[in-house]
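To start, the structure under review is shown below, and the notes come after it.
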Amino acid sequence: MKVVAILGGQWGDEGKGKIIDLLSDRFDVVARYHGGHNAGHTVKFGDRHFALHLLPAGAVRGRIGVIGAGVVVDPDALLAEIAGVREQGIEIGDNLLLSDRAQVILPWHRLLDAARESAAGDGKIGTTLRGIGPSYESAAARKGVRVAELYRPATLRARVEALAAETGALLRALGCADIPETSAVLDALGRSAEALKPHVRDTGRYLRDHLRGGGTLLAEGAHGAMLDLSAGTYPFVTSSTCTSAGVAAGLHISPRALDGSLVVLKAYTTRVGSGPFPTELKDATGEFLRARGNEYGTSTGRPRRTGWFDAVVARTAVELSGAAAVAITKLDVLDDLAEIPVCVGYRLDGHELRDVPPLVEDLDRVEPVYETVPGWRTKTTAATRTEDLPPAAHRYVRYLEERIGAPAVFLSTGPRREETVWRMESEFLRALPGA
Ligand code: IMP
């Protein structure tokens, strides 16, 4: 396998950052293909800790990092992240490439995100308020600004003025008072464009040439399948394609280039923001999972909602991305539990559902059908070998594998890179570059 995608299989925060980091030194290039700085990837190695939002993990691991055309980029956020990583002694230079076709998040997008959320009251999506949705809207409406335009002052001015006129009217209608001056925004864009210039190029051409020359590529998914704009729990979703279907479109490579996908799943479920969550635990057990799993957002610090593993969601994610393997993270968080319920289906108005229903008002009402698996009540923290896991933990993993239809090739037993069981007997791991 030369081109592999790592994807989230729940509502984000599955621990993709760690799995991507584990694999990134096997690949020449690590690329982000969708989303923006709403994503948060925590990468820990040795005594170092990085909270990445836009930078592909490969960029801090001595590989080439690509931010593809499908990403929405807030120039200031990207520059701040580069500065932060440099402060930690990581060199960011020729190893970071930014697509000239990526969409730029402008201040009006951020304001619109916030104005809409506050106008929605209780019906709010609970977005990260980073302007992600409005920026993708501008792109789809063909009103967006792309990175290449930052270097064409006349074109940039015309497009920014048109966008400011339209979104300004909308912002005023939503009661937003502090609408920025176009000239101030253009000045700021000019400064950040200069700083980003060394990184900007046609990354689609770069990647196609790289792959034609036999190079390897790890596509870094953000968010999770249930936040996918089309397949997720709409409208409580993000505005991009979070399955492997987005890889080719977001990187400008052929869909035939992708050789394999791995879906990352937490051993239980979490969600931030609003929206239905059938297996949510609003009791002491939910609080226990939040505290034990340190379930607070990497991007926003918000407490995450917690609940049992939902095999309907996980199986759907595996199917949507055609995943040949999964990683199960945070297994150690379940160490103290006597028994562990797993949701294997839903019941709605007396009917059994095999799949996530299309309407959130139905998903809100479903009753999860649980099967209960015995816990292990033994410490698995930091286990690195399959044989070090208690038999009941094995059984839990095997049970999940059967329910979701894919083998678990990584079991994560702690936040550090070292705290991982690599199931080297798996075909998927043996087919990776450098295996
Ligand atoms: P947006 O992406 O900021 O528009 O937010 C839309 C929804 O996606 C909200 O429920 C967010 O909490 C959620 N979301 C976006 N990015 C992430 C992520 O990386 N992890 C978890 N949830 C996310």
Is there a residue being touching a Leu at 6+ places or on another chain (Cβ under 9 Å) and away from the ligand (no atom under 16 Å from the Cβ) anywhere in segment 225-238? no
Would you tally the residues in segment 384-399 being part of a loop (DSSP other than H, G, I, E, B) and over 26 Å from the mean Cα position of the chain (by Cα)? 3
Taking residue 316, is it closer than 13 Å to residue 13 by Cα and either under 16 Å from the mean Cα position of the chain (by Cα) or crowded, with 20+ Cβ neighbours inside 10 Å (or both)? no
Name the single residue that is farthest from the chain's Cα centre (by Cα) among those in segment 211-232 being under 16 Å from residue 355 (Cβ atoms) and crowded, with 24+ Cβ neighbours inside 10 Å. 232
Residues of segment 25-52 classified as more than 16 Å from the chain's Cα centre (by Cα) and not β-branched (Val, Ile, Thr), total: 10
So is residue 416 open to solvent by 70 Å² or more (accessible area, probe 1.4 Å) and without any contact (Cβ under 8 Å) to a residue 60 or more places away in the chain or not? no
The residue from 174, 170 that alone is in contact (Cβ under 8 Å) with a residue 60 or more places away in the chain and farther than 25 Å from residue 69 by Cα is 174
Which one of these does residue 159 not meet: (1) under 19 Å from residue 229 (Cα atoms); (2) open to solvent by 60 Å² or more (accessible area, probe 1.4 Å); (3) in contact with a Lys or Arg (Cβ under 9 Å, 6 or more places away or on another chain); (4) not aliphatic (A, V, I, L, M)? (1)
Being surrounded by 17 or more Cβ atoms within 10 Å (Cβ to Cβ) and over 19 Å from residue 307 (Cα atoms) narrows it down to one of 373, 344, 409, 397, so name that one. 409
Can you run down the residue pairs with Cβ atoms below 9 Å, 6 or more apart or on separate chains, where the first is in segment 57-71 and in the same structural domain as residue 221 (by TED's automatic domain parsing) and the partner is assigned to a loop (DSSP other than H, G, I, E, B) and among the basic types (Lys, Arg)? 57/63; 68/101; 69/101; 70/101
Could you pull out every one of the helices (runs of 4 or more DSSP H) wholly within segment 149-243 that has 3 or more residues that are in contact with a strand residue (DSSP E or B) (Cβ under 9 Å, 6 or more places away or on another chain)? 182-196, 203-212
Reported set for segment 79-104 where residues are hydrophobic (A, V, I, L, M, F, W, C) and either open to solvent by 30 Å² or more (accessible area, probe 1.4 Å) or within 11 Å of the ligand (Cβ to nearest atom) (or both) is 79, 80, 83
Quick one: in segment 53-78, of everything that is open to solvent by 20 Å² or more (accessible area, probe 1.4 Å) and of a type in the set (A, V, I, L, M), which residue is farthest from the chain's Cα centre (by Cα)? 64
Residues satisfying the stated conditions in segment 83-132, i.e. of a type in the set (Val, Ile, Thr) and within 28 Å of residue 271 (Cα to Cα): 85, 104, 105, 125, 127, 128, 132
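This table checks each residue for (1) farther than 15 Å from residue 224 by Cα; (2) more than 14 Å from the ligand (Cβ to nearest atom).
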| position | (1), (2) |
| --- | --- |
| 249 | yes, yes |
| 264 | no, no |
| 285 | yes, yes |
| 296 | yes, no |
Report yes if residue 125 is away from the ligand (no atom under 16 Å from the Cβ), farther than 16 Å from residue 76 by Cα and touching a Gly at 6+ places or on another chain (Cβ under 7 Å), otherwise no. no
Answer yes or no: is there a residue in segment 87-98 that is part of a helix (DSSP H, G or I), closer than 30 Å to residue 27 by Cα and modelled with pLDDT under 95. yes
Going through 301, 275, 293 one at a time, which residue ends up being buried (at least 19 other Cβ atoms within 10 Å of the Cβ) and on the phi > 0 side of the Ramachandran plot? 275
Hey, could you check segment 128-156 for residues that are of a type in the set (A, V, I, L, M, F, W, C) and more than 16 Å from the ligand (Cβ to nearest atom) and say which is surrounded by the most Cβ atoms within 10 Å (Cβ to Cβ)? 147
Tally of residues being closer than 24 Å to residue 342 by Cβ and either surrounded by fewer than 18 Cβ atoms within 10 Å (Cβ to Cβ) or among the hydroxyl-bearing types (Ser, Thr, Tyr) (or both) across segment 426-435: 1
Say we look at segment 1-48 and pick out the residues that are under 23 Å from residue 90 (Cα atoms), buried (at least 24 other Cβ atoms within 10 Å of the Cβ) and within 11 Å of the ligand (Cβ to nearest atom); which of these is modelled with the lowest pLDDT? 41
Here is a list: 23, 96. Which entry is outside the structural domain of residue 271 (by TED's automatic domain parsing) and out of contact with any Lys or Arg (no Cβ under 9 Å at 6 or more places or on another chain)? 96
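The values are calculated or read from the model by the stated rules, or taken from the named source; none is laboratory data. Remember, it's a predicted structure, so these values are computed and weren't measured experimentally. When we count neighbours, we look across all protein chains shown, and the Cβ atoms used for this are built from the backbone with ideal geometry, even at glycine. Surface areas here come from the heavy atoms of the whole protein model, side chains and all, with no ligands, DNA or RNA. Shrake-Rupley method; radii C 1.70, N 1.55, O 1.52, S 1.80 Å.
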